[in-house]
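I have placed the structure first, in the form of structure tokens, so that the comments after it can refer back to it.
The values are calculated or read from the model by the stated rules, or taken from the named source; none is laboratory data. Keep in mind it's a predicted model, so treat the numbers as computed, not measured. When we count neighbours, we look across all protein chains shown, and the Cβ atoms used for this are built from the backbone with ideal geometry, even at glycine. For the accessible areas, the whole protein counts, side chains as well, though only heavy atoms, and no ligand, DNA or RNA atoms are used. Shrake-Rupley method; radii C 1.70, N 1.55, O 1.52, S 1.80 Å.
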Amino acid sequence: MKGKHIDLKSSLFKLALILLMVTVFVTCVPERRIKVARGFAPKPCMDCHKEQLPEFNKKYVHSPMSKRDCEACHLRHGKLAVRAFVEGEERKLCYICHTQMASEMEKSVSQHTILKQGRCLPCHEPHASDNKSLQKKEGSEQCFACHDKGPFTRAKRHKPLEGGCLTCHSPHGSGYAYNLVKEETALCRSCHDFGKSSFMKAHENYPVGNSKCSGCHTSHSSSNDKLLRESIHEPVGNAQCSLCHKPADDAEPLTTILSGDSLCYSCHEKEEREYKKAYRHPMTDQGKCLSCHSPHASDYPKITLKENVELCSSCHEGKPDLKVNNMHEPIKKGGCIVCHDPHASENRFQLKYSEEKICFKCHSETAAELKKKYTHEPFSAIKCTECHDSHGSNNYKMMRVPVKDLCYTCHEKERRDFFKTYIHKPVEKRDCAVCHNAHASDNENLLTNSTNEICQKCHQSMYLDVEEEGMHPLFRKKDCRTCHDPHASDNIASTVMPVKDLCYKCHETMKKKNNQSSIKHLPVDEGKCTSCHSPHGTKLKFQLLDKPNKLCLSCHKRIVTTEARKGHIEMEEGDCLSCHTPHYSEIEGLLRDSDPSLCLKCHPVDTERLRKAHRLPLKEIKHCITCHESHVTEGPGLLKSIKHEPFKQGKCEVCHE
């Protein structure tokens, strides 16, 4: 038993030793990495975008760019219909990394306009720049890319400008107005000692330390000494503060000696008298001078708080709309005060001149049109604003409504009348000005040309295809309106009445005879005169559309029974009218005379050949068309193709005595 126990222990020891050796062997062998298949391996962006490589040589490189981490901002494959950024808006894209700025801007009182619009790239390069903070331009030049440089380059310049805009302003936003780095007064105190004797003397010893310096001084540059603003209230310029304020040693030195407009009128007595007019600006009427004017100084004429259009718009917001395509020129050049008196006037809307005169102060050439023979009613009444918006509009010539709708705002009846089958093209396009002047004309109905010339403006080519001989008399006189309605009609070609009635309006004799006749040409009976005649004219007599033979055969095609068209001599020459009347007759076939009288007019003589052929004198023959065709045949003599056998053999005596 003991021997067996020793063998078992020995076996277990050997097994443990083997397991230990295997474990050591496995753990000591170097790790063999198994590469996982993953489709296409991504290529570095710069393999394709080599144009971006020079960016790495610039002084300042955007952190993701320096790490070649393009996908920090860009989507590798892009996104359909949008730029390939991980965020659509520039600001939000930048804020992914610039979290501190995002937090600061959220709390800021004012923000740079560009940033408010969600944009960063107007100021910063996205990849690299030779300027600090990846700016596109260096220092203040970056600011002048948007801001007018003029107000910064006047003769007297604020000293901090030498250090650049960021001396006083934060580039992105701040907790103070105008992106200032401090509250205005505190910012000025950074450089100026308000308690200094020279400072006190310059301000007449008034305690201005807690007032806003920008009320009198410009913060950038000025044409005046001491950086006073461009437009200065005279007492301020003369350092006569006590003209408006209580003495400097008073308990309340900054309080004015009088209140409201009483203070202003203590000097401006003349203006007070002039403002007592029928129409007064509400601010003038209420004595609120400081609603529009600064009491000390401003950068605008007449020490107004803003440029005049901007100033007026601060109350008159949206009325008028100044964001229109066609703005009245005076507003663009001189603002509202070109036409309006800002204080008071004897004219409605505080106009500088009466409504009857004010437009003509500039539009003198239009005023001359009032002398013309015919004037448009709103124009003769000088009611320009019935058609035009006095400030501007998005329509041609500052019209109140689109030109195509303007005329119908008054001419509603005409609009209904013009709703017909055939409409004159300008009327269809609602382009009345093609034919009519808007203001006045020496022609009736305000036409742009005389009645007999106006149609030619468009229809000149009609006269090129017409000879004098074949011209309709009315067309020759250019009297188009006798036949045509100039606007619209339910009759073809916009005629004033159906063609049949229209022609008979002048051709009364023909109408009378036609009504009395038993046989009528079908086009005449149907009132289709234009089937044969041009209503204006042609190069042929009687305004015919073609030579008679061609014209008649265009309908009467079965008359021609042979290609040779050998036949009746008159018909061969194309004169159908030698036998037929064109309009009406009492004889079948619209013949001019009965058979044989009609034939005997051309064949009156009994020649030997005719006597031999007919066996009788011509005058004794009762009917020619019993044997003859009246137009054409394939054989000689115009004989009918189907013949009685004795007749064919010339044996008349078989039947006749």
For the chain, the charge dipole (Cβ of Lys, Arg +1; Cβ of Asp, Glu -1; about the Cα centre) points to a positive end, and the Cα of Thr153, Thr421, Leu311 closest to that extreme belongs to Thr153
Taking just the alpha-carbon atoms of region 414-572, what radius of gyration and Dmax come out, in angstrom? 19.6, 67
Spin-label point model (7 Å from Cα, Cβ direction): what's the Asn57 to Arg280 distance in nm? 7.4
What does the charge dipole of the chain about its Cα centre add up to, to the nearest 20 debye, if the Cβ of each Lys and Arg holds +1 and the Cβ of each Asp and Glu holds -1? 2900
Using θ = phi - 60° and the Karplus form 6.51 cos²θ - 1.76 cosθ + 1.60, what ³J(HN,Hα) does each residue of region 306-316 get, whole Hz, x for Gly and Pro? 9, 4, 4, 5, 5, 5, 5, 5, 5, 9, 8
Loop-resident trypsin sites (Lys or Arg not before Pro) in region 355-454 with no more than 11 other Cβ atoms inside 10 Å, DSSP not H/G/I/E/B, are Lys373, Lys429
Once you have the alpha carbon radius of gyration of region 109-226, what is it after dividing by 2.2 N^0.38 Å, with N set to its residue count? 1.23
Whole-number percent relative contact order across the chain, with pairs defined as alpha carbons under 8 Å at least 6 apart: 6
For the chain, with every protein chain kept in place, what is the accessible area per residue (1.4 Å probe, Å²)? 70
Please label the shape of region 489-555 as rounded, prolate or oblate, based on the square roots a ≥ b ≥ c of the eigenvalues of the alpha-carbon gyration tensor (a/c under 1.5 means rounded; beyond that, a/b larger than b/c means prolate, else oblate). oblate
5 angstrom amide H check on Cys267, placed H, neighbours 5+ away: none
Mean Cβ count within 10 Å, highest first, over the residues of peptides 112-123, 504-515: 112-123, 504-515
Under a no-solvent Debye model with one identical scatterer per Cα of region 518-657, what's log10 I(q)/I(0) at q = 0.11, 0.14, 0.17, 0.22 Å⁻¹? -0.51, -0.78, -1.06, -1.49
Expressed as a whole-number percentage, the relative contact order of region 584-657 with C-alpha contacts under 8 angstrom and at least six residues apart is 18
Name the long-range amide H neighbours of His74: under 5 Å, sequence gap of 5 or more, or other chain; modelled H, no Pro or chain starts. Val86
Once the mean 1/r over all distinct Cα pairs of region 180-238 is inverted, what Kirkwood radius in angstroms do you read off? 12.3
Would you mind checking which residues have amide H under 5 Å from Ala344's amide H? H placed 1.01 Å from N; only 5 or more apart, or other chain. His281
How high is the relative contact order of region 430-538, in percent, counting Cα pairs under 8 Å that sit 6 or more residues apart? 21
Given a Förster distance of 41 Å, report the FRET efficiency between Glu586 and Met497 from their Cβ-Cβ distance, rounded to the nearest 0.05. 0.90
The base-10 log of I(q)/I(0) that the Debye equation returns for region 262-345 at q = 0.22 Å⁻¹, one scatterer per C-alpha, is -1.20
What does the convex hull of the Cα atoms come to per residue for region 57-117, in Å³? 121
Ordered by residue, what ³J(HN,Hα) values in Hz, to whole numbers, does region 425-438 give under the Karplus form 6.51 cos²θ - 1.76 cosθ + 1.60, where θ = phi - 60° and Gly and Pro are x? 3, x, 5, 4, 7, 6, 10, 4, 5, 4, 10, 10, 7, 6
Computed ³J(HN,Hα) along region 249-259: with the Karplus parameters 6.51/-1.76/1.60, θ = phi - 60°, integer Hz and x for glycine or proline, the list is 8, 6, 4, 10, x, 8, 6, 6, 6, 9, 9
How would you order 209-216, 98-105 from highest to lowest mean count of nearby Cβ atoms within 10 Å? 209-216, 98-105
Taking one equal scatterer on every alpha-carbon of region 386-469, how large is log10 of I(q)/I(0) by Debye at q = 0.23, 0.24 1/Å? -1.23, -1.27
Cα-derived Rg over Rh, computed across region 325-405 with Rh taken as Kirkwood radius: 0.97
Zone reached by a paramagnetic label modelled 7 Å from His623 Cα along Cα→Cβ, restricted to region 640-657 with backbone N below 20 Å, covers 640-648, 652-657
Three principal axis extents, largest first, for the C-alpha atoms of region 149-188, in Å? 31, 20, 16
Take the eigenvalues of the Cα gyration tensor for the chain, scale each by 5, and report the square roots as semi-axes in whole Å, largest first. 97, 58, 19
Once the principal axes of the Cα atoms of region 116-175 are found, what is the range along each, listed largest first in whole angstroms? 39, 28, 18
Among the lysines, which have Cα under 23 Å from the Cα of Lys371 when same-chain residues fewer than 8 positions away are ignored? Lys357, Lys361, Lys383, Lys397
